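This report concerns only the one structure given below.
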Amino acid sequence: MLIYNAEIHTMGPLGVVKDGWIDIQNGKIRNIGSGYLPYDDKNSIDAKGGMLLPGFIDAHTHLGIIEDGLDFEGDDCNESTDPFTPQMRAVDGINPFDRCFEEARMRGITAAASSPGSANACGGEIAAIKTYGRRVDDMLIKNCGIKFALGENPKNVYNGREETPVTRMAIAALIREGLYKARRYTHDMDSYYSDSENYDPPEYDIKCEALMPLLERKIKAFFHCHRADDICTAMRIAKEFGLDAVIIHGTEGHKIADIIAEENVPVICGPLICDRCKPEMRGLELKNASALHDSGVKIAVCTDHTVIPIQYLPLSAQAAVKGGLDFNEALKTLTVYPAEILGIDDTTGSLCEGKDADLQLYRKGENPLDLMSEPALVMVSGEICRMEV
């Protein structure tokens, strides 16, 4: 398939390609160029001067793991019977037939990170998935990291049961304990494999097994935290164990933006278009994303779906623009930046030769972040999910 006569915002090394065309084959981008290219009407789409850009990526959601319109039966987000559950995998709780996947696609969102919740000090493994498909195994891009949570949420859940943790100290201690055990387990496994005659293998521990890739920096540590002091605790723990850390929410990041930049830790900002619904969010400001970006922090914007419905991801980025973020940077917070933060930029997040054909097209003159805008064309891995060209 060929899409031609487009203003292509690649979000990659090619920048903006005027009067551009993009050649797609077998679900991949084969080539991008500008000017006239021979085409046939059957396998070609005239963009009519519209804006073509990568599909949006929501870097933090509970898409499909908290189902729309259901209560307990469709909520598989928090295994809140144990405060430390790294062995849980979001991919095992996602229902791809949840109608919010279609709502995401219709608004140009072609990928999302679906995460366990924040009831536990450690909630489990986050899945980066495409928004199109019937079997989550086929939609999975990669299991990209382990979810940790600091502050108010674990305190509230376990305080009501009079169980640990009920303080910030206990939450951090639980995380440290789990990571120390995993480090010891890794050492014992290495000793066994290097000298099996003198060492016995350690007893199988599913929690330690889940954390081993984290300690080896093969996947990232995603820390749910709103308050500035919790952000600092996350960075402290990450430093202690050499983790590749990401901050989720970072609501009070604007208070310590220079410190976060110094530590080179990215922040997934959001939700932005909501009220200050709990004590931790008293510091919510629209300027947060802009303040972090201006200080040199890599940022993405998220909805935290179902907190904010996923189709309002572009509007969330528009809110960040209102708070001072540059428009073109706002587009990057929904495309290339979340792809880099999630570690999926080798396949999606920008339009480049060899990457998946995850893209969307807007009619000429439309603002893709505007509330009233909808893409005329949406494609996920080369599959046309919406077409009104």
Report summary line: Within the range 60-76, the residues whose backbone N lies under 18 Å from a label point placed 7 Å from the Cα of C274 along the Cα-to-Cβ direction are 60-72, 75-76
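Just from its helices, what would the mean residue ellipticity at 222 nm be for the chain, if runs of 4 or more DSSP H residues each count -39500 (n - 2.57) and the sum is divided by every residue, rounded to the nearest 500 deg cm²/dmol? Walk me through the numbers before you get to the answer.
Details: 11 runs with 107 residues, N = 389.
Helix contribution divided over all residues of the chain: -8000 deg cm²/dmol.
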Report task. May I ask what percent, to the nearest 5, of DSSP beta bridges between residues of the chain are antiparallel? Result -> 55 percent
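Let me check against my output: what whole-number percent is the relative contact order of the chain, with C-alpha pairs under 8 Å and at least 6 apart?
Numbers: 950 pairs, mean separation 75.9, N = 389.
Taking the mean separation of contacting Cα pairs over the length of the chain, I get 20 percent.
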Query raised in the report: Efficiency by 1/(1 + (r/R0)^6): what FRET value for D46 and D138, r their Cβ-Cβ distance, R0 = 30 Å, to the nearest 0.05?
Result: 0.45
Query raised in the report: Given [x] 5, 23, 34, 29, 9, 0, 0; [y] 5, 24, 31, 23, 11, 4, 1, 0; [z] 4, 19, 26, 22, 16, 9, 3, 0, 0 as candidate values of P(r) over Cα pairs in 10 Å bins from 0, in percent, which corresponds to the one derived from the coordinates?
Result: [y]
Report task. Averaging sequence separations of C-alpha pairs under 8 Å and six or more residues apart, then dividing by the length of the range 206-289, give the relative contact order as a whole percent. Result -> 28 percent
Report summary line: The alpha-carbon center of the range 197-232 and that of the range 142-191 are separated, in whole Å, by 9 Å
Requested in this report: Can you send over the solvent-accessible area of M106, 1.4 Å probe, protein chains only, in Å² to the nearest 10?
Outcome: 50 Å²
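In Å², and per residue, what accessible area does the range 234-389 have when probed at 1.4 Å with the other protein chains present? Let's see the in-between values first.
Values: 5890 Å² over 156 residues.
For the range 234-389, the per-residue accessible area is 38 Å².
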Query - Most mobile of P338, P213, P54 in a GNM of the chain (Cα contacts under 10 Å) - result: P213
Query raised in the report: According to a simple spin-label model (label point 7 Å from Cα along Cα-to-Cβ), what is the distance in nm between D370 and R184?
Result: 6.1 nm
Query raised in the report: So if R0 is 51 Å, what FRET efficiency would D19 and D258 give, r being the distance between their Cβ atoms, rounded to the nearest 0.05?
Result: 0.75
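Going down the list K147/K298; K255/K322; K239/K287; K28/K130; K298/K364, which pairs span over 22 Å between their C-alpha atoms?
Numbers: K147/K298 19 Å; K255/K322 19 Å; K239/K287 28 Å; K28/K130 14 Å; K298/K364 30 Å.
Result: K239/K287; K298/K364 exceed 22 Å.
DSSP loop GluC sites (Glu not before Pro) in the range 115-188 with at most 15 other Cβ atoms within 10 Å of their Cβ, which ones?
Details: sites: E125, E152, E162, E163, E177; in loops: E162, E163.
Passing both the DSSP loop test and the Cβ count: E162, E163.
Taking Cα pairs under 8 Å and at least six residues apart, what relative contact order does the range 210-257 come out at, in percent?
Numbers: 65 pairs, mean separation 21.6, N = 48.
It comes to 45 percent, rounded to a whole number.
The values are calculated or read from the model by the stated rules, or taken from the named source; none is laboratory data. This is a predicted model, so every value here is computed, not measured. Cβ atoms come from the backbone with ideal geometry, glycine included; neighbour counts cover every protein chain shown. Accessible surface is based on the protein model in full, side chains and every heavy atom, while ligands, DNA and RNA are left aside. Shrake-Rupley method; radii C 1.70, N 1.55, O 1.52, S 1.80 Å.
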